[in-house]
1. Any residue at all in the range 346-358 that's surrounded by fewer than 15 Cβ atoms within 10 Å (Cβ to Cβ) and either more than 30 Å from the chain's Cα centre (by Cα) or modelled with pLDDT under 80 (or both)?
2. Within the range 763-775, identify whether any single residue is crowded, with 20+ Cβ neighbours inside 10 Å, more than 19 Å from residue 675 (Cβ to Cβ) and in contact (Cβ under 8 Å) with a residue 40 or more places away in the chain, and answer yes or no.
3. What residue, of 93, 89, 97, is exposed (fewer than 14 other Cβ atoms within 10 Å of the Cβ), outside the structural domain of residue 216 (by TED's automatic domain parsing) and part of a helix (DSSP H, G or I)?
4. Of all residues in the range 147-157 being in contact (Cβ under 8 Å) with a residue 12 or more places away in the chain and over 10 Å from residue 179 (Cβ atoms), which is surrounded by the most Cβ atoms within 10 Å (Cβ to Cβ)?
5. Inside the range 190-237, can you point out the residues that are at pLDDT 95 or above and on the phi > 0 side of the Ramachandran plot?
6. Does residue 745 fit the bill of being in a strand (DSSP E or B), touching a helix residue (DSSP H, G or I) at 6+ places or on another chain (Cβ under 7 Å) and at negative phi?
7. Exactly one of these conditions fails for residue 690: (1) more than 19 Å from the chain's Cα centre (by Cα); (2) part of a strand (DSSP E or B); (3) surrounded by fewer than 20 Cβ atoms within 10 Å (Cβ to Cβ). Give me its number.
8. Does residue 806 meet the test of being under 30 Å from residue 126 (Cβ atoms), out of contact with any helix residue (DSSP H, G or I) (no Cβ under 8 Å at 6 or more places or on another chain) and exposed (fewer than 15 other Cβ atoms within 10 Å of the Cβ)?
């Protein structure tokens, strides 16, 4: 073992030396590749991300943890002067070019030469040229460092640099910064010309970003100008802008202290040859005009229809096709109120959220006596929108599958800007393992329809504006769906319906309230259970063989079963008789009881009537932001309404003392989920991403377990990638069930993403987590969470992956290795399966978190 480790270390060392030398082969004599940047601030090393972003040139990018400059090696594969090299090879032997032209034709030979040149250019494009140390760029970095420290209060900052070159064509650059003492704001004086502006300023000055005794920062002055301007624009001052605000700074003879003067000029009115200044005035909205069917062709035509509603003037070139309230609910500008920029912004957003109009046009027209007319021009989208998609698939259960997904979207279906969508699915497939040899070739099929209505307000008999005002963009979603599925599984029919509210208090927070969500699952082919869950059947088969269960005993023989489903059920009934057969051991009896309980739970029909509330806080500023956090929490309650009403409406109980509705025992439980995601932008397209998850579902009252559709599972491309979906857990139990699930889940994922070249990115990841049973009817040893000692059963997977960014989606490929497998014996848990034989390969779309 020691010899093997020594050989590996020697090989890695040789590989590093070879690649290190090879990386410098395109570096000319007298040039040096930048290997390291260092910043010393007042003699101490500074290595923050902010400082790293100030370098005008950085060392060639390397793969994290490996230190391999892959992009540089790709660039070095390109040959300099490739056109001369190719032509020289063609002319190396007499008549070679002429012979090739005769054999291929001159046009084909030219294409061959061009392809070589293009491939060489492509290598340079996706690669990265060696970063050669430059004095000019080092001086530019010095200027950036000076600007950074000056803009953050150290106005006397001085910077310099030094370059240390080595004989191996490498160089290090050290930057020295001496900041001196920081400048602090001492006094602030305000000079405002217009009385209206002065009155507003006095109300907002306590929220100022520029304050006495605060260290000077240029960004504070910029944001303060923006804050003042925004406040004025939202207080009725229609003509105000940042250009009217200036700030003077006096540092002469102040001993590192600043005297700040804030000046706000009067409004400038440009005449033909001069500029005059007048005090600002507050402007009021006189009229709000809404044009419902504007188009370029309609401009200038007379209106054919008009309505006055709640102070709004609604016009149409044709007939008004919208209920007035549907339009006015989207408006935040009201006649008789002062002008506010915020009202215009909210109106834009709310109109776009209706998904009924193209991007609206909102214009203000100035009238006499400080009055404005607000005109909103709306261009309707098409009322009907058809969609259609098809998919061909292949999986581990089917040789071939084909599906169609048509959809129809109807806008403004009830005249209130509602959106109604009808979508369907129809799929057929051919299974690999048929239940019956007489089954047709296409023995898998699924048909379904989904109806969804979106209402751009809270649909309620009560007045909700005081609780959830319209600036929070409230909406109501009502959906009904049904699917019928026939496959190699249990087959089932599913009916579901939901009624929920959504609203956003601000750009970071989102709330969703499921008033009710009902789901009914009807299993159609429960006799097929042991054909689907073959692991359970194999366990029963082994027990039957060990117990000598033969035709002489019961007239049945599981090992040679012609009808394994019926014979497995009869063997269970035989083993679980009131008097246990003597050949069935206590351990086998416990195993059979567990299989029977699992079969009963997975084959019973489910009726779930739940209500839930979910809250999301998303700190992303835009889709390109890679330095953010997302926190999600969800609380779901099911069955309480039915449980409380069971006695009043006379519901009957089944043999297990559970209330039934429509001959189905309804589920009762409480479920909560906590999900936290954090991204750190490390610069240079290098991102560290983390996710943590905690989920718990507790059955009570009418239930002793959680429905399969509401339970948790572990593994898969978006979870612990070293295990396939449903194959991990519960706990340390050595289950071989096809679908493992439980009601408690812990998960933690850490992934570092980095750029390889072009649109291809790489990632290293570590995934940890597992599922357990808790507070339910499962008592299997190792599968339950008993106390904190159960945390030793957290499974750990690690691996690497590739991501290719197609702009509109990311294609992902990951390889996960079982690093710590709690299902193994203690001495074999760590790294015993860390090999490609036991690796799991995952393909996914977009990032897992």
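The values are calculated or read from the model by the stated rules, or taken from the named source; none is laboratory data. Keep in mind that this is a model prediction, so the values were computed, not measured. In this analysis, Cβ positions are derived from the backbone assuming ideal geometry, glycine residues included, and neighbour counts consider all displayed protein chains.
1. No - not one qualifying residue is present in the range 346-358.
2. yes
3. 89
4. 148
5. 236, the sole residue that qualifies.
6. So residue 745 fails the test.
7. Just one mismatch for residue 690, condition (1).
8. For residue 806, the condition - under 30 Å from residue 126 (Cβ atoms), out of contact with any helix residue (DSSP H, G or I) (no Cβ under 8 Å at 6 or more places or on another chain) and exposed (fewer than 15 other Cβ atoms within 10 Å of the Cβ) - is met.
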